[in-house]
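*Asks:* Quick one: the structure is below, and I'll ask about it shortly.
The values are calculated or read from the model by the stated rules, or taken from the named source; none is laboratory data. From a predicted model like this one, the values you see are computed outputs, not experimental measurements. Because the Cβ atoms are built from the backbone with ideal geometry, glycine has one as well, and the counts that use them run over all protein chains shown.
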Amino acid sequence: MTAPAPIIEIRNVSKRFGRHITAVDDVTLDIRAGEFFALLGPSGCGKTTLLRVLAGFETPTSGEVRIDGKDMVGVQPNHRDINMVFQSYAVFPHMNVFDNVGYGLKVTGTPRAEIAQRVEAALSLVQLEGYGKRNPDQLSGGQRQRVALARALVKEPKVLLLDEPLSALDAKLREAMQLELVRLQHAVGITFVIVTHDQDEALSMADRVAVMENGRVRQIAPPEELYEFPCSRFVADFIGRMNLFAGEVTGSGGGITEVDVEGLGMVRVPHPRAISGTTGIAVRPEKVNVTSGRPNGDAIAVEATLENMAYHGSESHLYFRTSGGARIAATLQNDSRSGARFETGSRLWVSWAPSDTLVLEE
């Protein structure tokens, strides 16, 4: 099946502020029509600047942006077939909900009857039927965010840009609104591009995620691929929790790489390419098993001291140190009400399957 054509094409885009600050550094990527796409990264990585370049609020220092096949050089924000939802929602406090949602249509001269019809449809889409006469100060944070979404969607843009739209909400409402945004995107069928620093937010909502670091895109992949097969130590460490170890390759070929890992010793793990030199290996904490005796089979196993435990409701995080000084975290599901299975200070075996081990070449 052929992938949808890109609606956004970004080619070698850089954005510099002054002589010494490069916020976006030679970014090239495509965003497909009808896709929910996330720009993810830590503060200062350039994701919001890239979004503002797409919106037309910033002019790229170099490179090209095309939306729906049209070059955006010199095209003002209000003439681009996009709309944007800001982190602060930017709901007009002196207008009721209906007037807030219909404002963009009114200023472009849309007939009054059509405004009424489209505003009611947009409010229905965000599940705010009957809220048209309310003022913003009569709404909850989640409802104000829905008003901002309705105002953006009422103009039927081809692309909706969302700049950290859920950051002001509490954890429970944020999770509910993540599901709501996915439902909305499926309902309207337009391209959503969201900027977030929250990994869970990006992984739970997006069809594909671009991870950014220091103005550059480090990896673009669907959430599952990004989580299970990060391409670099930065991506592995940034997405979820990860055990990372430094090592020296002692042999590689035939689909197996041998690595002398600091604090663990020699390990043999599957890897498709022959490599040499210094490398990193990694394993997710939820892939790590904890037993009182040495496990059988070909598992990578090491005896270690349980130094700390943290209870997180449905799971517990255990932190170990090997005699060689390596630190290993394990995540265990709390599937029993009988309390902790292990005590701090215990000598236990931590292990994982070679196939769950990542070899990170950069």
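*Asks:* Among (1) surrounded by 15 or more Cβ atoms within 10 Å (Cβ to Cβ); (2) closer than 21 Å to residue 238 by Cα, there is one condition residue 304 misses while meeting the rest; what is its number?
*Replies:* It is condition (2) that residue 304 fails.
Yes/no per residue for (1) closer than 29 Å to residue 219 by Cβ; (2) not β-branched (Val, Ile, Thr):
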| position | (1), (2) |
| --- | --- |
| 251 | yes, yes |
| 256 | yes, no |
| 267 | yes, no |
| 277 | yes, yes |
| 314 | yes, yes |
| 328 | yes, no |
| 336 | no, yes |
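*Asks:* Is it the case that some residue within the range 89-98 is surrounded by fewer than 17 Cβ atoms within 10 Å (Cβ to Cβ), of a type outside the set (Lys, Arg) and under 24 Å from residue 189 (Cβ atoms)?
*Replies:* No, the conditions are met nowhere in the range 89-98.
*Asks:* Look through 22, 49 and report the one residue that is surrounded by 19 or more Cβ atoms within 10 Å (Cβ to Cβ) and among the β-branched types (Val, Ile, Thr). Outline the logic, then answer.
*Replies:* On the way: 22 fails: surrounded by 19 or more Cβ atoms within 10 Å (Cβ to Cβ).
One residue alone meets the criteria, 49.
*Asks:* Hey, among 249, 193, which residue is in contact with a Phe, Trp or Tyr (Cβ under 7 Å, 6 or more places away or on another chain) and crowded, with 18+ Cβ neighbours inside 10 Å?
*Replies:* 193
*Asks:* Would you mind stating whether residue 343 is assigned to a loop (DSSP other than H, G, I, E, B) and under 27 Å from residue 249 (Cα atoms)? Before the answer, list the steps.
*Replies:* Working: assigned to a loop (DSSP other than H, G, I, E, B): yes; under 27 Å from residue 249 (Cα atoms): no.
It is false that residue 343 is assigned to a loop (DSSP other than H, G, I, E, B) and under 27 Å from residue 249 (Cα atoms).
*Asks:* Residues of the range 156-171 being surrounded by fewer than 17 Cβ atoms within 10 Å (Cβ to Cβ) and more than 22 Å from residue 40 (Cβ to Cβ), which ones? Steps first, please.
*Replies:* Filtering the range 156-171 for residues surrounded by fewer than 17 Cβ atoms within 10 Å (Cβ to Cβ) gives 156, 158, 167-168, 170-171.
Scanning the range 156-171 gives 156, 158.
*Asks:* All but one of (1) touching a helix residue (DSSP H, G or I) at 6+ places or on another chain (Cβ under 7 Å); (2) modelled with pLDDT of 95 or more hold for residue 215, so report the exception by its number.
*Replies:* Of everything listed in (1) touching a helix residue (DSSP H, G or I) at 6+ places or on another chain (Cβ under 7 Å); (2) modelled with pLDDT of 95 or more, residue 215 misses just condition (1).
*Asks:* Where residues in the range 258-285 are under 18 Å from residue 325 (Cβ atoms) and under 28 Å from the mean Cα position of the chain (by Cα), which of them is surrounded by the most Cβ atoms within 10 Å (Cβ to Cβ)? Before the answer, list the steps.
*Replies:* To start, the set of residues in the range 258-285 that are under 18 Å from residue 325 (Cβ atoms) comprises 259-267, 278, 280-283.
Those still in the list that are under 28 Å from the mean Cα position of the chain (by Cα) too: 280-283.
On the way: 280: 19, 281: 22, 282: 18, 283: 25.
Here the answer is 283.
*Asks:* Of 316, 355, 351, 323, which residue is buried (at least 16 other Cβ atoms within 10 Å of the Cβ), under 21 Å from residue 245 (Cα atoms) and of a type in the set (Gly, Ala, Ser)?
*Replies:* 351
*Asks:* Let me ask you something else. Does residue 203 qualify as being in a helix (DSSP H, G or I) and either without any contact (Cβ under 8 Å) to a residue 24 or more places away in the chain or out of contact with any His (no Cβ under 6 Å at 6 or more places or on another chain) (or both)?
*Replies:* Criteria met by residue 203.
*Asks:* Oh, and also: Restricting attention to the range 129-145, does a residue exist that is in contact (Cβ under 8 Å) with a residue 60 or more places away in the chain and surrounded by fewer than 20 Cβ atoms within 10 Å (Cβ to Cβ)?
*Replies:* No, because not a single residue in the range 129-145 is in contact (Cβ under 8 Å) with a residue 60 or more places away in the chain and surrounded by fewer than 20 Cβ atoms within 10 Å (Cβ to Cβ).
*Asks:* Please verify whether the range 221-238 includes one or more residues that are modelled with pLDDT of 95 or more, not in a helix (DSSP H, G or I) and not assigned by TED's automatic domain parsing to the domain that holds residue 315.
*Replies:* Yes, the range 221-238 contains a residue that is modelled with pLDDT of 95 or more, not in a helix (DSSP H, G or I) and not assigned by TED's automatic domain parsing to the domain that holds residue 315.
*Asks:* Please count how many residues of the range 1-38 are free of Cβ contacts under 8 Å to residues at least 12 places away in the same chain and not in a strand (DSSP E or B).
*Replies:* 5
*Asks:* Here's a check for you: in the range 63-88, which residue that is of a type in the set (Val, Ile, Thr) and either crowded, with 17+ Cβ neighbours inside 10 Å or not assigned by TED's automatic domain parsing to the domain that holds residue 159 (or both) is modelled with the lowest pLDDT?
*Replies:* So the residue we want is 85.
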